[in-house]
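The structure appears below as structure tokens.
The values are calculated or read from the model by the stated rules, or taken from the named source; none is laboratory data. Predicted model, so just to flag it, every value in this text is computed and none were measured. Here the Cβ is made from the backbone with ideal geometry for all residues, glycine too, and neighbour counts use every protein chain on show.
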Amino acid sequence: MHIVEQVVRPSAEECRRIIDRVSLAWEQRQKSRQRLMTAQGREIALALPTGTRLQAGDLLLTPEGWIEVTSASEDVLLIRPRSPQETAFVAYQIGNRHLPMEIEAQGLKTLYEPILEVYLKQQGIPVERLQAPFTPIGAAFGHRHG
């Protein structure tokens, strides 16, 4: 097992040899210390600086080459408010439950919460349960590596 202590954000100019990928859920991308299994069955251990949060596209350095981080599909609710008032109402409901939220062109996403799903449907707001990658607001900002 390799211990990974370095992660980089690739730039267009850099050509990195990617040897494997590791697909992580949002909560896994928040942990700087953990054991993981790659797509090709390599076991790696993260020992990154405290507070490091991974994002899709980050590269983990191993002696053989780079392992790319991808976002795993997760059980989420896609909520499609039809007006600014509905959007504010949904955002309030998600925030009031202290749930993470992603804002995208199709609508608002949050991790699956059955009570929220039922409540929003009762309010007549379009909501769909699906499997999709999830990166909430806040997780995409302030991303830094040393």
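Of note:
- GLN6 vs. criteria in contact (Cβ under 8 Å) with a residue 24 or more places away in the chain, surrounded by 13 or more Cβ atoms within 10 Å (Cβ to Cβ), within 30 Å of ARG129 (Cβ to Cβ) and not assigned by TED's automatic domain parsing to the domain that holds VAL127: no
- Scanning segment 114-126 turns up no residue that is out of contact with any Phe, Trp or Tyr (no Cβ under 6 Å at 6 or more places or on another chain), assigned to a loop (DSSP other than H, G, I, E, B) and of a type in the set (Lys, Arg).
- Selection status of THR87, among the polar types (S, T, N, Q), part of a strand (DSSP E or B) and touching a Pro at 6+ places or on another chain (Cβ under 8 Å): no
- Residue in segment 92-112 that is closer than 28 Å to THR38 by Cβ, acidic (Asp, Glu), not assigned by TED's automatic domain parsing to the domain that holds GLN6 and not in a helix (DSSP H, G or I) present: yes
- All conditions but one from (1) under 30 Å from ARG17 (Cα atoms); (2) surrounded by 12 or more Cβ atoms within 10 Å (Cβ to Cβ) apply to GLY41; the one that does not is (2).
- Tallying residues that are touching a residue at least 12 places away in the same chain (Cβ under 8 Å) and over 18 Å from PRO126 (Cβ atoms) within segment 85-98 yields 1.
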